[in-house]
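K.L.:
Quick one: the structure is below, questions incoming.
The values are calculated or read from the model by the stated rules, or taken from the named source; none is laboratory data. The model shown is predicted, which means the values in this text are computed figures rather than measured ones. Here the Cβ is made from the backbone with ideal geometry for all residues, glycine too, and neighbour counts use every protein chain on show.
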Amino acid sequence: MSNERLQAGLARAGLTNEVVADRTGVDPKTVQRWLKGRVPHPRSRFVIAELLEEDEEFLWPGVRRLDPSTSVAAELVAAYAYRSELDLKRWWEFFVRAERQIDLLGFTLYFLPQQHPGLVDLLGQKIDDGCRIRAALADPSSPHVQWRDDEEHLAITVKVRIKSALDAFAPLIERGAEFRFQDAPLYNSIFRFDDEMLLTPHLYATPGHSAPLLHMRRLMSNGLFSRFASHFEAVWSDAKPMEEDRRTPD
């Protein structure tokens, strides 16, 4: 049975089989098979849904009820050698699409408000709409912060970046966002948007923007996504709520 929703979506977007094939890295004949009813692999489905600005469940009803034998690698949508390779528009789209929860784990999260001037306003509206927002930053008094500074040798220290991020995010704390200080080593940075996640596995003496970036999407109950989501929860449970007088560290 042909996929009429996919056909209509491509027609509405003015996309040819050749364009879709190029964006998904397949042969145009494969795209034709998709139009006739074959279900693409998870990574291709994600790309197509992004192109058409539609939900995968709409284009392929029931697609998320996966076979238990599905490989955990299917949850890995994309990998980038450098975090900076993911353009700012894509970052913004992740924040815009999130409806239920946004979880942020990093040492400073400094780059987010710096690169997205409208982010605080957007997140404030998300809170008003019922989205839960949690963020865990490094405790400025932690020895891990000093060790990270010693590694990076950057002009703007980690402690200064933490203060700058907290100054920017202060209105969100007043509106109900949950911010905590964490004292874990810099294993990775996590940016969760409902069932999608961006993750930076940090490298020694390497700034975050030069570290790799992984894009994952939840497809199963105990896959890669769930492992890193559990990691966030573990760090979060040990993190300390920010006291009023420590929201602007010296």
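K.L.:
From LEU104, LEU122, LEU109, LEU66, grab the single residue that is assigned to a loop (DSSP other than H, G, I, E, B), modelled with pLDDT of 95 or more and either of a type outside the set (Ser, Thr, Tyr) or surrounded by 15 or more Cβ atoms within 10 Å (Cβ to Cβ) (or both).
P.N.:
Details: LEU104 fails: assigned to a loop (DSSP other than H, G, I, E, B); LEU122 fails: assigned to a loop (DSSP other than H, G, I, E, B); LEU66 fails: modelled with pLDDT of 95 or more.
Only one candidate qualifies: LEU109.
K.L.:
Does at least one position in region 209-226 carry a residue that is surrounded by fewer than 16 Cβ atoms within 10 Å (Cβ to Cβ) and closer than 12 Å to ALA136 by Cα?
P.N.:
Taking every residue of region 209-226 in turn, none turns out to be surrounded by fewer than 16 Cβ atoms within 10 Å (Cβ to Cβ) and closer than 12 Å to ALA136 by Cα.
K.L.:
Name the one entry in ALA229, ALA184 that is farther than 20 Å from VAL145 by Cα and of a type outside the set (Lys, Arg). Outline the logic, then answer.
P.N.:
Values: ALA184 fails: farther than 20 Å from VAL145 by Cα.
Sole residue among the options that is farther than 20 Å from VAL145 by Cα and of a type outside the set (Lys, Arg): ALA229.
K.L.:
If I filter region 195-203 for residues that are in contact with an Asp or Glu (Cβ under 9 Å, 6 or more places away or on another chain), assigned by TED's automatic domain parsing to the domain that holds LEU123 and buried (at least 17 other Cβ atoms within 10 Å of the Cβ), do I get at least one hit?
P.N.:
Here is the first cut: in region 195-203, the ones in contact with an Asp or Glu (Cβ under 9 Å, 6 or more places away or on another chain) are 197.
With assigned by TED's automatic domain parsing to the domain that holds LEU123 added as a condition, the list becomes 197.
Narrowing further to those that are buried (at least 17 other Cβ atoms within 10 Å of the Cβ): 197.
Among the residues of region 195-203, at least one is in contact with an Asp or Glu (Cβ under 9 Å, 6 or more places away or on another chain), assigned by TED's automatic domain parsing to the domain that holds LEU123 and buried (at least 17 other Cβ atoms within 10 Å of the Cβ), which makes the answer yes.
K.L.:
Is one or more of the residues making up region 81-100 buried (at least 18 other Cβ atoms within 10 Å of the Cβ), in contact with an Asp or Glu (Cβ under 8 Å, 6 or more places away or on another chain) and farther than 19 Å from LYS240 by Cα?
P.N.:
yes
K.L.:
Further, regarding this structure: Give region 84-94 a look and list any residue that's over 23 Å from LEU219 (Cα atoms) and in contact with a His (Cβ under 8 Å, 6 or more places away or on another chain), or say none.
P.N.:
If the condition is that a residue be over 23 Å from LEU219 (Cα atoms) and in contact with a His (Cβ under 8 Å, 6 or more places away or on another chain), then SER84, LEU88 are the ones that fit.
K.L.:
Could you identify the single residue in PRO171, PRO207 that is at negative phi, out of contact with any Gly (no Cβ under 9 Å at 6 or more places or on another chain) and assigned by TED's automatic domain parsing to the domain that holds PHE107? Outline the logic, then answer.
P.N.:
Working: PRO171 fails: out of contact with any Gly (no Cβ under 9 Å at 6 or more places or on another chain).
Checking each option against the conditions leaves just PRO207.
K.L.:
Counting just the residues of region 184-194 that are crowded, with 16+ Cβ neighbours inside 10 Å and of a type outside the set (A, V, I, L, M, F, W, C), which one comes out nearest to THR108 (Cα to Cα)? Show your work before the answer.
P.N.:
Going residue by residue through region 184-194, those that are crowded, with 16+ Cβ neighbours inside 10 Å are 184, 186, 188-194.
After this cut, where a residue has to be of a type outside the set (A, V, I, L, M, F, W, C) as well, the list is 188-189, 192, 194.
Working: ASN188: 12, SER189: 10, ARG192: 16, ASP194: 22 Å.
Among those that are crowded, with 16+ Cβ neighbours inside 10 Å and of a type outside the set (A, V, I, L, M, F, W, C), it is SER189.
K.L.:
Another question, if that's okay. Just to be sure before I move on: is ALA49 out of contact with any His (no Cβ under 7 Å at 6 or more places or on another chain), outside the structural domain of MET220 (by TED's automatic domain parsing), without any contact (Cβ under 8 Å) to a residue 12 or more places away in the chain and surrounded by fewer than 11 Cβ atoms within 10 Å (Cβ to Cβ) in the structure I sent? Lay out the reasoning, then the answer.
P.N.:
Details: out of contact with any His (no Cβ under 7 Å at 6 or more places or on another chain): yes; outside the structural domain of MET220 (by TED's automatic domain parsing): yes; without any contact (Cβ under 8 Å) to a residue 12 or more places away in the chain: yes; surrounded by fewer than 11 Cβ atoms within 10 Å (Cβ to Cβ): no.
Taking the combined requirement at face value, the residue does not satisfy it.
K.L.:
Also, I was wondering about something else. Anything in region 73-101 that is assigned to a loop (DSSP other than H, G, I, E, B) and not basic (Lys, Arg)? List them, or say none.
P.N.:
Narrowing region 73-101 to residues assigned to a loop (DSSP other than H, G, I, E, B): 81-82, 86-87, 98-100.
Of everything in region 73-101, those that are assigned to a loop (DSSP other than H, G, I, E, B) and not basic (Lys, Arg) turn out to be ALA81, TYR82, LEU86, ASP87, ALA98, GLU99.
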